[in-house]
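Read the figures in this text as sums done on the coordinates, not as results from a lab. These figures come from a predicted structure and were not determined experimentally. As a convention, Cβ positions derive from the backbone with ideal geometry for all residues, glycine included, and neighbour counts pool all protein chains shown.
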There are 2 protein chains.
Amino acid sequence: MKPLEDYLIVDFSQFLSGPSASLRLADLGARVIKIEKPGTGDICRTLYTSDLIMNGESSVFHTINRNKESFAIDFKQPEELQKLKKLLAKADVVMHNFRPGVMERIGLSYEDVKNINSNVIYGSISGFGEHPDLKDLPGQDLLLQSLTALTWLSGNQEDGPVPMGLSIVDMLAGAHLAQGILAALYRKTTHNMGAQVQVSMLESAFDFQFETITTYFNDGGELPVRTKTNNAHAYLGAPYGIYKTKNGYLALAMGSIPVLASLLKCDALLAFPENKFTLRDEIKNILAEHLQTQETQFWLDILEPADIWCAGVLNYQQLFAEDGFKVLNFTQQVEMLDGYSYKTTRCPIKIDGEYLTSGKGSPKLGQDNEKIIKEFIDC
Amino acid sequence: MKPLEDYLIVDFSQFLSGPSASLRLADLGARVIKIEKPGTGDICRTLYTSDLIMNGESSVFHTINRNKESFAIDFKQPEELQKLKKLLAKADVVMHNFRPGVMERIGLSYEDVKNINSNVIYGSISGFGEHPDLKDLPGQDLLLQSLTALTWLSGNQEDGPVPMGLSIVDMLAGAHLAQGILAALYRKTTHNMGAQVQVSMLESAFDFQFETITTYFNDGGELPVRTKTNNAHAYLGAPYGIYKTKNGYLALAMGSIPVLASLLKCDALLAFPENKFTLRDEIKNILAEHLQTQETQFWLDILEPADIWCAGVLNYQQLFAEDGFKVLNFTQQVEMLDGYSYKTTRCPIKIDGEYLTSGKGSPKLGQDNEKIIKEFIDC
């Protein structure tokens, strides 16, 4: 059995951060009812990437909202709010990612929900937590990356700020909310207590940088410096980086410079002492020039048997063509209620040797209204 | 009370991925006993970043291992292994991140531990899960980024692969393991069942790309294309990116091009239709040129009142000098047993309005042996 079976989550959240948390809880077996505004629904339904429309809606929406139900209800209407409260009274978890004050104005603050469901777990993600100057700003991923200095860690020294090309802050905040809710759920079972669980994208972005921030604080407050070329981590020495070869690229993680020099027959590198941090630009330059002289596989054939931490650099076409990838069964085919079927990823967690999969696709707006009304409201 | 109080985790894991999971469980209130090899301990103790040594050990180790105990024991010796088993028999969770086969050879596989602790939750992180060709390779972050195509999402079109400058795959795998363990813990309480929870860095890296992979699969299998300049997400249209201004940088997330054109008084942009995806390079070029004509604050003063999603781009010095950051109290001072004290980050999750903090620093190797032997072994 999946760990969260028979467990009910009512999720008001939109876009990515909150919905990614409830997706994980759905993967783990919970029943997730997505609350949406009639007419438009989650704005993410029309947040297209690469202009791709799948069954009338965005690929982003379909990815994040598989395995959920949709209940469309205009809860700003007092009568509808009363109906919704009958559902909330039966939920194990209520969650949202509105800006501060929105749920309070609707009459669905933690206190309000606790009045009708005393042991509820009430989870929320805000953009900026209690930050006095920023707390009313939109919690958008790129803006969070920019405001938390994350953009100064990728790319090379002269590149200026380089954002990470995925919604990393959304996803981490979602992961943290899922952790907090799961821990609170355990406490609810053992101690019969509800909980309020709060996460902010701002603090999740700081937590992501826990190593670099701690290093910064204890290293005299000098700004992180990326290497001039082949940077992969501002605080790590050579060879850490990705290098061009004759026909592609080679990734090199930590490794002894003299050992590398001898394996690669790179004489210019032999003069360098064991990974001296201050010489990393020079070391990387020599390596970069030398590695261009042969193809990637040539270097891998030398380095892998010597247990050097190295790898080729794949793109999606190369990756998904691999037989090894197919063995993993990391993709799953899911189906919507109207029969539309699409290929997406599955949960990365395996429990008791089994992957947590489900063939249920994303919901059409309001598709589960009738069932939910019968089960929770008109009863 | 913290949710996981009175809950015992015995953690064999090293480096970053596993220890980041047990740090989160420690934050949530669990007691974490770190098992280390006498003499050297967790190799992370000497994995220096920026050559920084804090109280004889690396800043990375101190960051990830605060709020844990250390039990140094040579469990490859049969007698010592028997002692260790007395501790494992009392653990709620046993976890590790060794390469496949290591725990089996020692005699501490899931089956072995279940024999002495039938309801144990046994968690593990591997590099590559069941991948037939890669499963014996080292699970190192940069190599995982390279093998899972993650490096083709950041940077500009002509940059080649650009890694994310943080150990993102380690951290996500740690977050997923923590989620799986927490869910299993809930099921243990409700259904009196143990569990094996397995995560791989490979699958965590795929999960991180769930949106882009799903888009790729449903978009005809074309490789993601980053914009020529100002890229922040290969699949998003203009203006999404970071732009140079007269004195710094400005981040712009999603926004209507005609509205932006008129607010910024950028005539050249007025000719462009609403965010046409195929014109994103041209739009970004015009924006990039225009935004260099004024300082960052000038643009923010125009855009913020109009509710455009924008932000300045801070570095650590600017960020930590802000009064707003200080209000958040995101840093905490922790102290080691020998009195050495250092500043680091705290858990990003807030429960019942309280942050989960602890003043306990990282452990010296084997510092808790005596106490642990008395409490669990000689009893």
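Does any residue of segment B:103-120 turn out to be surrounded by fewer than 20 Cβ atoms within 10 Å (Cβ to Cβ), among the aliphatic types (A, V, I, L, M) and without any contact (Cβ under 8 Å) to a residue 12 or more places away in the chain? No. Check segment A:7-29 and report whether any residue there is touching a residue at least 60 places away in the same chain (Cβ under 8 Å), in a loop (DSSP other than H, G, I, E, B), within 13 Å of chain B (Cβ to nearest Cβ) and small (Gly, Ala, Ser). Yes, some residue in segment A:7-29 is touching a residue at least 60 places away in the same chain (Cβ under 8 Å), in a loop (DSSP other than H, G, I, E, B), within 13 Å of chain B (Cβ to nearest Cβ) and small (Gly, Ala, Ser). Just one of the listed residues (A:GLU222, A:GLU289) is surrounded by fewer than 19 Cβ atoms within 10 Å (Cβ to Cβ), without any contact (Cβ under 8 Å) to a residue 24 or more places away in the chain and under 30 Å from the mean Cα position of the chain (by Cα), and it is A:GLU222.
Among the residues of segment A:31-53 satisfying the criterion of being touching an Asp or Glu at 6+ places or on another chain (Cβ under 8 Å) and within 12 Å of another protein chain (Cβ to nearest Cβ), which is nearest to A:ASN117 (Cα to Cα)? This residue is A:THR46. The residue pairs whose first member lies in segment B:54-82 and is away from every other protein chain (no Cβ under 14 Å) and assigned to a loop (DSSP other than H, G, I, E, B), whose second member is surrounded by fewer than 23 Cβ atoms within 10 Å (Cβ to Cβ) and of a type in the set (D, E, K, R), and whose beta carbons are closer than 6 Å, counting only pairs six or more residues apart or on different chains, are B:ILE73/B:GLU80; B:ASP74/B:GLU80.
Being within 7 Å of chain A (Cβ to nearest Cβ) and within 20 Å of A:GLY248 (Cβ to Cβ) narrows it down to one residue among B:THR148, B:THR189; which is it? None of the other options fit; the residue is B:THR148. Any residue at all in segment A:250-271 that's more than 24 Å from B:THR148 (Cβ to Cβ) and touching a residue at least 60 places away in the same chain (Cβ under 8 Å)? No, the conditions are met nowhere in segment A:250-271. Looking across segment B:334-363, the residues that are within 11 Å of another protein chain (Cβ to nearest Cβ) and in a strand (DSSP E or B) come down to B:VAL334, B:SER341, B:TYR342, B:LYS343, B:THR344, B:THR345, B:LYS350, B:ILE351, B:GLU354, B:TYR355.
Residue count for segment B:228-244 satisfying the condition of being of a type in the set (S, T, N, Q) and surrounded by fewer than 22 Cβ atoms within 10 Å (Cβ to Cβ): 1.
Hey, does segment A:366-379 have a residue that's facing chain B (nearest Cβ under 8 Å) and without any contact (Cβ under 8 Å) to a residue 60 or more places away in the chain? Lay out the reasoning, then the answer.
We begin by selecting, within segment A:366-379, every residue facing chain B (nearest Cβ under 8 Å); these are none.
No, because not a single residue in segment A:366-379 is facing chain B (nearest Cβ under 8 Å) and without any contact (Cβ under 8 Å) to a residue 60 or more places away in the chain.
Restricting to segment A:349-365, count the residues that are under 30 Å from B:LYS188 (Cβ atoms), touching a residue at least 12 places away in the same chain (Cβ under 8 Å) and not aliphatic (A, V, I, L, M).
Here is the first cut: in segment A:349-365, the ones under 30 Å from B:LYS188 (Cβ atoms) are A:349-360.
Subset that is touching a residue at least 12 places away in the same chain (Cβ under 8 Å): A:349, A:351, A:355-360.
Applying the additional criterion that residues be not aliphatic (A, V, I, L, M) yields A:355, A:357-360.
The number of residues fulfilling the criteria is 5.
Any idea how many residues of segment B:229-243 are more than 7 Å from chain A (Cβ to nearest Cβ) and assigned to a strand (DSSP E or B)? Step through it out loud before you land on a result.
Residues of segment B:229-243 more than 7 Å from chain A (Cβ to nearest Cβ): B:229-230, B:237-239, B:241, B:243.
Of the ones still in play, those that are also assigned to a strand (DSSP E or B) are B:241, B:243.
Residues flagged as more than 7 Å from chain A (Cβ to nearest Cβ) and assigned to a strand (DSSP E or B) within segment B:229-243 amount to 2.
If the condition is being surrounded by 15 or more Cβ atoms within 10 Å (Cβ to Cβ) and more than 8 Å from chain B (Cβ to nearest Cβ), then segment A:303-317 contributes A:LEU303, A:ILE308.
Of the residues making up segment A:221-262, those that are within 22 Å of B:THR331 (Cα to Cα) and in contact with a Leu (Cβ under 9 Å, 6 or more places away or on another chain) are A:PRO224, A:ALA234, A:TYR235. Is it the case that some residue within segment A:124-134 is more than 25 Å from B:GLN179 (Cα to Cα), more than 8 Å from chain B (Cβ to nearest Cβ) and not acidic (Asp, Glu)? Scanning segment A:124-134 turns up no residue that is more than 25 Å from B:GLN179 (Cα to Cα), more than 8 Å from chain B (Cβ to nearest Cβ) and not acidic (Asp, Glu).
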